[in-house]
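What follows is a single structure, written as structure tokens, with notes after it.
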Amino acid sequence: MIRKALLLAAACAVPTLAAAAGSNAFNPDIALVLSGTYADLQHDPNSYKIPGFPLTADASPGTRGFGLGESELAIYSNIDPDWYGMLTFSMAGDNTTSIENAFVQTTSLGNGLTVKAGRFFSGVGYLNEQHSHTWDFVDMPLPYQAFLGTQYKDDGLQVRWLAPTDMFMEFGGEWMNGSNFPAGGSGNNGRGAYAAYVHFGGDVGYSNSWGAGLSYLGTKSLDRTTCVDTNSNCTTANTDTFNGNTKLLIADLVWKWAPNGNDYDQNLRFQAEYLQNRNDGQFTPATSTSAVGTQPYAGTSNGWYVQAAYQFIHGWRIGLRHDQLHADNPGAAFAGTTLDPQGYTPSRNSVMVDYTNSEFSRIRVQYNRADTGLVTDNEWYVQYIMSLGAHPAHMF
């Protein structure tokens with residue numbers, strides 16, 4: 001029953017030839033996801049900061065007023081009896097386009113083993129691998145924004161093994177380039193990041209299912225730069241630089257309920273994650289915030305979130321989320337820099353309501369009260385997400 005949904009974590013990305021037959025076998029399927037938002041933000045998003053945490057531009061609350069969200073164009077298909085391939089373009093509202101996924105994956109190794117090569121979202125944590133149109137909220141939780149630059153994707157190799165047990169057990173490992181935050185500079189001769197994780201899951205009766213996981217991401221940074229202000233106009237005087245190692249641990253838990261396994265009218269999804277981040281190396285603060293030069297830095301920070309989304313009648317859901325961060329004080333040498341938490345414990349509370357007319361369309365309204373430290377921001381969002389064409393199954 002619900003165990004089938006858990007198995008999608010390994011199987012949905014590996015379509016069989018029989019499944020592809022309905023779409024002309026080896027002719028690629030094309031999927032387009034259109035997204036747009038209206039954002040009413042109390043404070044200027046270009047000055048968005050979280051004391052104690054260097055941020056990437058993706059951590060910004062977005063742009064004020066009307067704007068395009070992240071739209072996706074995906075092309076995917078079986079290549080032959082042994083291989084599957086996927087290419088996903090991500091199109092942002094500022095008219096920039098990037099390659100989100102571009103990988104090949106085995107389909108016939110057997111014994112629960114799959115190998116993926118190319119560019120992909122890492123399998124660490126629960127949310128990291130999910131595309132933005134599948135999120136329960138407009139934005140990612142604060143710990144993902146602070147520690148992963150929203151999501152970690154990279155070029156590399158991934159190996160996964162699904163154990164032949166009644167309980168869902170999946171083990172995975174990755175070796176990657178290390179070009180993206182929290183890595184940077186493609187350290188260790190282009191082998192600057194690696195990950196390992198294990199995911200478990202199962203059913204509890206006919207109405208409940210659960211999933212849990214433990215993940216580790218290790219990265220090496222060579223002149224990793226982050227802007228003091230999260231905007232595109234980053235200058236030398238406005239840039240922090242880090243050289244060293246980052247170690248991130250993630251624990252995740254998901255619980256789903258649907259009466260007798262039928263989620264058509266009612267269902268509930270509860271999820272929580274805890275992230276702990278450790279940095280060791282050399283930190284050079286932006287000259288615009290500090291006159292202090294390069295300093296040795298070793299610090300630990302952590303964050304967590306808990307959220308629930310409840311569908312109370314067919315098509316209608318309500319969701320609640322609380323997320324929080326904590327950074328240790330790195331000492332007087334870093335006073336006034338982005339590593340200085342200034343005594344704050346950043347947190348945010350969110351509530352959303354959305355209507356899903358079909359599996360291809362969703363309208364959402366969301367409110368955030370963000371107490372990230374320097375200011376308290378009231379953020380309102382209206383979002384639409386529309387899918388055209390074929391679309392692969394989502395993960396558990």
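Okay, residues lined up against (1) at negative phi; (2) surrounded by 21 or more Cβ atoms within 10 Å (Cβ to Cβ); (3) aromatic (Phe, Trp, Tyr); (4) out of contact with any Ser or Thr (no Cβ under 7 Å at 6 or more places or on another chain):
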site	(1), (2), (3), (4)
ALA327	yes, yes, no, no
ALA333	yes, no, no, yes
GLY343	no, no, no, yes
MET352	yes, yes, no, yes
ARG362	yes, no, no, no
ASP371	yes, no, no, no
SER387	yes, no, no, yes
HIS394	yes, no, no, no
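With respect to the conditions (1) in a strand (DSSP E or B); (2) within 26 Å of PRO141 (Cα to Cα), ASN180 lacks only one, and its number is (1).
Annotation note: Cβ proximity below 6 Å between a residue of the stretch 325-337 that is part of a loop (DSSP other than H, G, I, E, B) and a residue that is of a type outside the set (Val, Ile, Thr) (sequence gap 6+ or interchain) occurs for ASP328/GLY299; PRO330/GLY299; PRO330/LEU339; GLY336/SER290; THR337/PRO285; THR337/SER290.
One line per residue, one yes/no per condition, for (1) farther than 22 Å from GLY149 by Cα; (2) modelled with pLDDT of 95 or more:
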{"residue": "PHE181", "(1), (2)": "no, no"}
{"residue": "GLY187", "(1), (2)": "no, no"}
{"residue": "ALA195", "(1), (2)": "no, yes"}
{"residue": "SER215", "(1), (2)": "no, yes"}
{"residue": "ASN231", "(1), (2)": "no, no"}
{"residue": "THR239", "(1), (2)": "no, no"}
{"residue": "ASN243", "(1), (2)": "no, no"}
{"residue": "ILE250", "(1), (2)": "no, yes"}
{"residue": "TRP255", "(1), (2)": "yes, yes"}
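Across the stretch 152-177, the qualifying residues are those that are assigned to a loop (DSSP other than H, G, I, E, B), in contact with a strand residue (DSSP E or B) (Cβ under 6 Å, 6 or more places away or on another chain) and in contact (Cβ under 8 Å) with a residue 24 or more places away in the chain, and the one among them that is surrounded by the fewest Cβ atoms within 10 Å (Cβ to Cβ) is MET167.
Pairing each residue of the stretch 26-46 that is more than 24 Å from TYR76 (Cα to Cα) and outside any strand (DSSP E or B) with any residue that is modelled with pLDDT of 90 or more and of a type in the set (S, T, N, Q), provided the two are 6+ apart or on different chains, yields C-beta distances under 6 Å for GLN42/ASN378. Reported count of residues in the stretch 326-364, each being out of contact with any helix residue (DSSP H, G or I) (no Cβ under 8 Å at 6 or more places or on another chain) and either aromatic (Phe, Trp, Tyr) or over 30 Å from THR37 (Cα atoms) (or both), is 18.
Of all the numbered requirements in (1) aliphatic (A, V, I, L, M); (2) in contact with a helix residue (DSSP H, G or I) (Cβ under 8 Å, 6 or more places away or on another chain); (3) in a strand (DSSP E or B), ALA309 misses one, and that requirement is (2).
For the structure I just gave you, tell me whether LEU320 is over 26 Å from TYR197 (Cβ atoms), of a type in the set (A, V, I, L, M) and out of contact with any helix residue (DSSP H, G or I) (no Cβ under 8 Å at 6 or more places or on another chain). Yes, satisfied.
Yes or no: the stretch 132-145 includes at least one residue that is over 12 Å from the mean Cα position of the chain (by Cα), of a type in the set (Val, Ile, Thr) and closer than 22 Å to LEU214 by Cα. No, every residue in the stretch 132-145 fails to be over 12 Å from the mean Cα position of the chain (by Cα), of a type in the set (Val, Ile, Thr) and closer than 22 Å to LEU214 by Cα. Among strands (runs of 3 or more DSSP E) lying entirely in the stretch 63-132, which contain 2 or more residues that are free of Cβ contacts under 8 Å to residues at least 40 places away in the same chain? Counting at least 2 such residues, we get 65-68, 83-91, 97-106, 113-121.
The values are calculated or read from the model by the stated rules, or taken from the named source; none is laboratory data. Since we're looking at a predicted model, the values are computed, not measured. Positions of Cβ are generated from backbone atoms using ideal geometry, with glycine treated the same way; all protein chains shown enter the neighbour counts.
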